[in-house]
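Asker: After the structure tokens below, expect a handful of questions from me.
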Number of protein chains: 2
Amino acid sequence: MNSLTEENYLKALFSLSNEKGEVNVNDLSKRLEIKMPTVTSMMKRLASKKLVNYESYKPLRLTIKGKKEAALIIRKHRLTEMYLVEKMGFGWEQVHNIAEQIEHIQSPELFAKMDELLGYPKLDPHGSPIPDKNGKMVWKEYIKLSECKAGDRVKLSAVINTTTDFLKFLNSRELKLGLKLNIKSVEPFDKTMVVNYGKRMSETLSHTVCERLLVEEA
Amino acid sequence: MNSLTEENYLKALFSLSNEKGEVNVNDLSKRLEIKMPTVTSMMKRLASKKLVNYESYKPLRLTIKGKKEAALIIRKHRLTEMYLVEKMGFGWEQVHNIAEQIEHIQSPELFAKMDELLGYPKLDPHGSPIPDKNGKMVWKEYIKLSECKAGDRVKLSAVINTTTDFLKFLNSRELKLGLKLNIKSVEPFDKTMVVNYGKRMSETLSHTVCERLLVEEA
DNA sequence: TATATTTGTTAGATTAGTCTAATAAATTAC
DNA sequence: GTAATTTATTAGACTAATCTAACAAATATA
């Protein structure tokens, strides 16, 4: 069994690897807000548990076992978020911190029950895939809204980099998953987009926002 | 903020105090399965946080503040047990270990939501009172079934000393809270009782079982 | 390429939470 | 009322998880 701390390192390493390929001690240190020497020593510990392949001065890599354990923690996190939103009535901007704690609960029964009550969902409230019981996780092929062009009609399918403030911003504009968006124009200077959707005929979205919205063909 | 470990000491001390009045280092040591020197040093820590009144060789006493914090952890535990049973479909014998973990979650919103969804329950699935938001908790005046006599008609209102095995035993006899029991006879030799209830016309209950069943006048 | 900067490791200290061994106080038994 | 037993404390060691300071390797820059 891994400690809560070890689980947090695994999860962070897993996420960073998916985000940017090679992960350094420095990257992990910044993500976890833990000093580099501490990270180095934890990497040695996780290496001794066969969860990480660690060699001095080389990029950090999870082993197959490490990836699986990380994915199963993320599974618990995302099932919890989905449960909190779907069954308890929380908003998608409220669930991260609670799930961050509940993901460490040791009880296969609890998560099996959530899964069952939710009808075995494939995606969490932010559109991210929920890894299956074996830790398998597949992202559908989305593109960023920022990569689309004027005239495109797309469906909003996932949101990434989901800070509370960003999610509150999306709430304020009634931007929800599943929504169809029409891109009216893209400002060449700053890549700001003007879109319409639902009853909103002309909403302006900054490039920063558009980069965090994942869409597919409508 | 108290650590998970500190919370467990507070909770154990609170429960032991309610069970037997004066609590020694030795009692707490046995309850937590932690050696006495460790308990002594934790008591000094909790004393420095004004949660426990500690004097060498004297019985341990929670301060008002310590009692309140302990009761609020028990509140989270019992709300969670109730939620797991009422909203997720777990059996009363399955919820203790999950609640034991979830009681440490730091999220007033989560427990407020459980409370709301449950309709502000006063009792947990075992009939124990749920402390209110101020840590106030009142036990109704129950007596042990073992203290009743032949001919009494009583209502089963709470169960105590609820190990998983005991709760499974109750399940196997269809013994649930709210049930009306008629005491047919009490064996003077070993205090075994013969009772009937529901469709069961003659069930024999050992003294050990009867001491763990709390009843009130039917 | 030599130097400066960034990144990573080693060494050593700190705190929380645990233990065992030794000792001391309190209680119980004779 | 002394001795035996139980209970409690002190002292010292250990692991997990963190830190800072110093040094070393790798990378970027001039």
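Per-residue answers, yes or no, for (1) free of Cβ contacts under 8 Å to residues at least 12 places away in the same chain; (2) surrounded by 15 or more Cβ atoms within 10 Å (Cβ to Cβ):
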{"residue": "A:S41", "(1), (2)": "yes, no"}
{"residue": "A:F90", "(1), (2)": "yes, yes"}
{"residue": "A:E109", "(1), (2)": "yes, no"}
{"residue": "A:L123", "(1), (2)": "no, yes"}
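Asker: Which residues, counting only those in the stretch B:138-167, are under 18 Å from B:E100 (Cβ atoms) and either of a type outside the set (V, I, T) or touching a helix residue (DSSP H, G or I) at 6+ places or on another chain (Cβ under 6 Å) (or both)?
Answerer: Filtering the stretch B:138-167 for residues under 18 Å from B:E100 (Cβ atoms) gives B:159-167.
Of everything in the stretch B:138-167, those that are under 18 Å from B:E100 (Cβ atoms) and either of a type outside the set (V, I, T) or touching a helix residue (DSSP H, G or I) at 6+ places or on another chain (Cβ under 6 Å) (or both) turn out to be B:N161, B:D165, B:F166, B:L167.
Asker: Given the structure, is A:R61 in contact with a helix residue (DSSP H, G or I) (Cβ under 7 Å, 6 or more places away or on another chain), within 16 Å of DNA strand D (Cβ to nearest atom) and either under 30 Å from B:G119 (Cα atoms) or not aliphatic (A, V, I, L, M) (or both)?
Answerer: Details: in contact with a helix residue (DSSP H, G or I) (Cβ under 7 Å, 6 or more places away or on another chain): no; within 16 Å of DNA strand D (Cβ to nearest atom): yes; either under 30 Å from B:G119 (Cα atoms) or not aliphatic (A, V, I, L, M) (or both): yes.
For A:R61, the condition - in contact with a helix residue (DSSP H, G or I) (Cβ under 7 Å, 6 or more places away or on another chain), within 16 Å of DNA strand D (Cβ to nearest atom) and either under 30 Å from B:G119 (Cα atoms) or not aliphatic (A, V, I, L, M) (or both) - is not met.
Asker: Among the residues of the stretch A:59-75, is any within 16 Å of DNA strand C (Cβ to nearest atom), more than 30 Å from A:S206 (Cα to Cα) and crowded, with 18+ Cβ neighbours inside 10 Å?
Answerer: First, pick out the residues of the stretch A:59-75 that are within 16 Å of DNA strand C (Cβ to nearest atom): A:59-62.
Now narrow it down to the ones that are more than 30 Å from A:S206 (Cα to Cα): A:59-62.
Then drop every residue that is not crowded, with 18+ Cβ neighbours inside 10 Å, which leaves A:60, A:62.
Yes, the conditions are met somewhere in the stretch A:59-75.
Asker: Taking the stretch B:188-205 as the search range and keeping residues that are exposed (fewer than 13 other Cβ atoms within 10 Å of the Cβ) and out of contact with any helix residue (DSSP H, G or I) (no Cβ under 9 Å at 6 or more places or on another chain), which one is farthest from B:L156 (Cα to Cα)? Please lay out each step first, then the result.
Answerer: So in the stretch B:188-205, the residues exposed (fewer than 13 other Cβ atoms within 10 Å of the Cβ) come out as B:188-190, B:199, B:201-202.
Imposing the further condition that a residue be out of contact with any helix residue (DSSP H, G or I) (no Cβ under 9 Å at 6 or more places or on another chain) reduces the set to B:188-189, B:199, B:201-202.
Values: B:P188: 22, B:F189: 24, B:K199: 16, B:M201: 16, B:S202: 16 Å.
Only one residue tops the list, namely B:F189.
Asker: Can I ask one more? For the structure I just gave you, tell me whether A:Y9 is buried (at least 19 other Cβ atoms within 10 Å of the Cβ) and within 15 Å of DNA strand D (Cβ to nearest atom).
Answerer: Working: buried (at least 19 other Cβ atoms within 10 Å of the Cβ): yes; within 15 Å of DNA strand D (Cβ to nearest atom): yes.
Yes: the conditions hold for A:Y9.
Asker: With respect to the numbered conditions (1) within 14 Å of chain B (Cβ to nearest Cβ); (2) within 14 Å of DNA strand D (Cβ to nearest atom); (3) surrounded by 19 or more Cβ atoms within 10 Å (Cβ to Cβ), which one is the sole condition not fulfilled by A:I102?
Answerer: (2)
Condition check ((1) surrounded by fewer than 17 Cβ atoms within 10 Å (Cβ to Cβ); (2) over 21 Å from B:V195 (Cα atoms)) across all residues:
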| residue | (1), (2) |
| --- | --- |
| B:G127 | no, no |
| B:V138 | yes, yes |
| B:K144 | yes, no |
| B:K149 | yes, no |
| B:V154 | no, no |
| B:I160 | yes, no |
| B:T164 | yes, yes |
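Asker: Here is a follow-up. For B:A47, indicate whether it is over 23 Å from A:E100 (Cβ atoms) and crowded, with 20+ Cβ neighbours inside 10 Å.
Answerer: Details: over 23 Å from A:E100 (Cβ atoms): yes; crowded, with 20+ Cβ neighbours inside 10 Å: no.
No.
Asker: List the number of the failed condition for A:M1; all other conditions in (1) within 10 Å of DNA strand D (Cβ to nearest atom); (2) within 14 Å of chain B (Cβ to nearest Cβ) hold.
Answerer: (1)
Asker: Taking the condition within 14 Å of another protein chain (Cβ to nearest Cβ), outside any loop (DSSP other than H, G, I, E, B) and over 15 Å from the mean Cα position of the chain (by Cα), does B:L110 pass? Spell out the reasoning first.
Answerer: On the way: within 14 Å of another protein chain (Cβ to nearest Cβ): yes; outside any loop (DSSP other than H, G, I, E, B): yes; over 15 Å from the mean Cα position of the chain (by Cα): yes.
It is true that B:L110 is within 14 Å of another protein chain (Cβ to nearest Cβ), outside any loop (DSSP other than H, G, I, E, B) and over 15 Å from the mean Cα position of the chain (by Cα).
Asker: While we're looking at this one, here's another question. State all residues of the stretch B:80-98 that are more than 10 Å from chain A (Cβ to nearest Cβ), of a type outside the set (S, T, Y) and closer than 26 Å to B:N2 by Cβ; if no residue qualifies, say none.
Answerer: Of the residues in the stretch B:80-98, the ones more than 10 Å from chain A (Cβ to nearest Cβ) are B:80-82, B:85-86, B:91-93, B:96.
Right, trim to of a type outside the set (S, T, Y) and you get B:81-82, B:85-86, B:91-93, B:96.
Within the stretch B:80-98, B:E81, B:M82, B:H96 meet the criteria.
Asker: Within the stretch A:96-105, is even one residue within 16 Å of DNA strand C (Cβ to nearest atom) and not in a helix (DSSP H, G or I)?
Answerer: The answer is yes; a qualifying residue exists.
Asker: Can you tell me which residue within the stretch B:1-56, out of those that are within 11 Å of DNA strand C (Cβ to nearest atom) and among the acidic types (D, E), is nearest to B:I74 (Cα to Cα)?
Answerer: Among those that are within 11 Å of DNA strand C (Cβ to nearest atom) and among the acidic types (D, E), it is B:E7.
Asker: Ok, one more. Can you find a residue that is polar (S, T, N, Q), closer than 19 Å to A:N161 by Cα and out of contact with any strand residue (DSSP E or B) (no Cβ under 8 Å at 6 or more places or on another chain) anywhere in the stretch A:119-130? Lay out the reasoning, then the answer.
Answerer: Step one: filter the stretch A:119-130 for residues polar (S, T, N, Q), giving A:128.
Retained after the next criterion (residues that are closer than 19 Å to A:N161 by Cα): A:128.
Remaining after also requiring out of contact with any strand residue (DSSP E or B) (no Cβ under 8 Å at 6 or more places or on another chain): none.
The answer is no, given that none of the residues of the stretch A:119-130 is polar (S, T, N, Q), closer than 19 Å to A:N161 by Cα and out of contact with any strand residue (DSSP E or B) (no Cβ under 8 Å at 6 or more places or on another chain).
Asker: Additional query: Given the residues A:V85, A:V52, which is the only one that is away from DNA strand D (no atom under 14 Å from the Cβ), aliphatic (A, V, I, L, M) and surrounded by 18 or more Cβ atoms within 10 Å (Cβ to Cβ)?
Answerer: Details: A:V52 fails: away from DNA strand D (no atom under 14 Å from the Cβ).
Going through A:V85, A:V52 in turn, the sole match is A:V85.
Asker: Against the condition more than 14 Å from DNA strand D (Cβ to nearest atom) and surrounded by 12 or more Cβ atoms within 10 Å (Cβ to Cβ), how does A:N24 come out, does it pass?
Answerer: It is false that A:N24 is more than 14 Å from DNA strand D (Cβ to nearest atom) and surrounded by 12 or more Cβ atoms within 10 Å (Cβ to Cβ).
Asker: Within the stretch B:195-218, how many residues are among the small types (G, A, S) and touching an Asp or Glu at 6+ places or on another chain (Cβ under 8 Å)? Working first, answer last.
Answerer: Of the residues in the stretch B:195-218, the ones among the small types (G, A, S) are B:198, B:202, B:206, B:218.
Applying the additional criterion that residues be touching an Asp or Glu at 6+ places or on another chain (Cβ under 8 Å) yields B:198, B:206.
Residues in the stretch B:195-218 being among the small types (G, A, S) and touching an Asp or Glu at 6+ places or on another chain (Cβ under 8 Å): 2 in total.
Read-outs: derived from the displayed coordinates by stated rules, not from any lab. Keep in mind the model is a prediction, meaning the values are calculated, not measured. Glycine also receives a Cβ, built like all others from the backbone with ideal geometry; neighbour counts cover every protein chain displayed.
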